[in-house]
Amino acid sequence: MDPTTERRSLLEEIENAPANRAPSEKSIRRYLRIVREQRTRESESVAKWGAVLLRKYRRVLPEEELWLVQEQVAMAALDCHALSVAATCMKAISRQFPDSVRAKRLKGMYMEATGNLDRADGIYDEILATDPCNEMILKRKATCKKTKGDIPGAIQALKHYVDIYMLDRDAWEELAGLYIKQHLFKQAAFCFEELIMLAPNSLTYNLRYADVLYTIGQQANWKSALSYYSRAVELSGGGCVRALFGVCCCLSNLDPKGQEEDEDEEGGRALGPLSAKALVKWYSEKCPDKLPYLREVLKSQELLD
Amino acid sequence: MGGGYKADTTPLLKALLHGAKFPSCSVNGVLLGFDGGDADGVHVVDAVPLFHTALPLAPHLEVALAMVDAYVKAQQGGLQIVGYYQADAAYGVTELGKTGKAIADRLHQQTKASCALLIDSKKLAAMVNEKEDLPFELVVRRPNGWQVAKVDKDGNGGLVCTGGSVRDLLLNYWNAQKHHKICDFDEHLDDITKDFLNPDLLA
């Protein structure tokens, strides 16, 4: 069973445990492990069932796993604003690891969650005074600024971070998201260019880069966006509906005049009707009730008769 | 807009459940309803959740609006896109912002009476604690731009909810995990079997 299916099936089993019995300790442990490995964000479930695990089965957990679970539950609880659960885990971790930077980061996150952003900043600055390139803490500085609503400040902080840790894809994605929020699309495009260099066959990065280019607009960018949407169609074996729609949107905007002489352009223009047909095929098979609306959209883009 | 704005519980709950499904994201969607002119005002009867990622990006927004437009025209009976809703990821932020204004302006070009509803997270917390009735800020188009609708001392001028208690219904739906079942257009694009119209969600 693939991890995603296993995770969903474990959660269903845990949630459907008989009312008079706690769910299986092995199932909760396996579920929490998969969430850690996949780095998914299912904070409600993690906080709820992780707290059950810690309350009922604490003594069963090996030492290393116990503290991983404590940290995981603390962060999930902060995400759900279950502050008393988070505080319990946080205090246990601080007692066990009094000098740990990870424990201090958790305390900083608790301060952020309770709105004490200046205190959180203070904790982070204290750590950076002796370890100015600490990965975790540099990222928390950026999130503090984002929480305060200082998006330009968050951008500066993250730019400083990626100057040092330029292979951190999560950071580049977050930076792109901040630029997009500020409507700084050219800067967002730069972030996706870095991401595509790091992972050229990533469907997500090729798609998002195309989305940003399309949003910037004008003929040259729609042409570029078309090539990245086409790459996304190729990477997905023709199944990516986002990419197919992207191709249709680009071609409905591109100026047909002056393009006919270029062979590549002719090939490019053929993608429009092909993508439209592919969309019609997918909707006919999987979503026939929406097919009439799809047809209207494609007709308005002059890609369907 | 002389006739005022009223909304059934369905669109308000769909907007709130959409935000509840993606609490760490900004979310948006459109409001569907009927424009009764100055006499009867705008009556919002449904909401279509659109996005929870990269709200400012254009291509899929264009497709989403075109699909919803095709849907309302197929319903006949005068159903239109009559507004836009948005919830910001950050706590306490209630402003349309650049993206919200651009989308609201676009919808306003088609329907002059269209409005915007901002989910106010502070009012939402207050509503759960029974200190507020509705967790929305109604924003309307004035000559100077989009502005929060002024409510007079008798409570007129704001959004009127036609049905039961939004708070009670929301808490019931939350307990029934309805927020995990709502689908937006973003999810539809990843899996087209997911129905962004959510026809039976609150049935």
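The values are calculated or read from the model by the stated rules, or taken from the named source; none is laboratory data. Quick caveat: nothing in here was measured; it's all calculated off a predicted structure. Methodologically, a virtual Cβ is constructed for each residue, glycine included, from the backbone with ideal geometry; neighbour enumeration extends over all protein chains shown.
Tabulated data
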{"read-out": "Output for segment A:43-87, where each listed residue is part of a helix (DSSP H, G or I) and free of Cβ contacts under 8 Å to residues at least 24 places away in the same chain", "value": "A:K48, A:R55, A:R58, A:R59, A:E63, A:E64, A:L66, A:Q70, A:S84, A:A87"}
{"read-out": "Qualifying residue in segment B:14-28 (condition: touching a helix residue (DSSP H, G or I) at 6+ places or on another chain (Cβ under 8 Å), over 24 Å from B:W174 (Cβ atoms) and within 14 Å of chain A (Cβ to nearest Cβ))", "value": "no"}
{"read-out": "Test: residue in segment B:194-203 that is in contact with a helix residue (DSSP H, G or I) (Cβ under 6 Å, 6 or more places away or on another chain) and under 23 Å from B:A54 (Cα atoms)", "value": "yes"}
{"read-out": "Test set (1) touching a helix residue (DSSP H, G or I) at 6+ places or on another chain (Cβ under 9 Å); (2) in a strand (DSSP E or B) - B:L138 fails condition number", "value": "(1)"}
{"read-out": "Residue count for segment A:235-255, restricted to those that are modelled with pLDDT of 95 or more and away from every other protein chain (no Cβ under 13 Å)", "value": "1"}
{"read-out": "Filter result (within 10 Å of chain B (Cβ to nearest Cβ) and part of a helix (DSSP H, G or I)) within segment A:208-221", "value": "A:R208, A:A210, A:D211, A:V212, A:L213, A:Y214, A:T215, A:I216"}
{"read-out": "Odd one out for A:T204 among (1) crowded, with 16+ Cβ neighbours inside 10 Å; (2) within 23 Å of A:Y283 (Cα to Cα)", "value": "(1)"}
{"read-out": "Where a residue in segment B:83-106 is more than 13 Å from chain A (Cβ to nearest Cβ) and closer than 23 Å to B:D69 by Cβ and its partner, wherever it lies, is surrounded by fewer than 17 Cβ atoms within 10 Å (Cβ to Cβ) and among the polar types (S, T, N, Q), with Cβ under 9 Å and at least six apart", "value": "B:G83/B:T111"}
{"read-out": "From the options B:L134, B:L124, residue that is touching a residue at least 24 places away in the same chain (Cβ under 8 Å) and touching a Leu at 6+ places or on another chain (Cβ under 7 Å)", "value": "B:L134"}
{"read-out": "Tally of residues being assigned to a helix (DSSP H, G or I) and surrounded by 12 or more Cβ atoms within 10 Å (Cβ to Cβ) across segment B:141-171", "value": "5"}
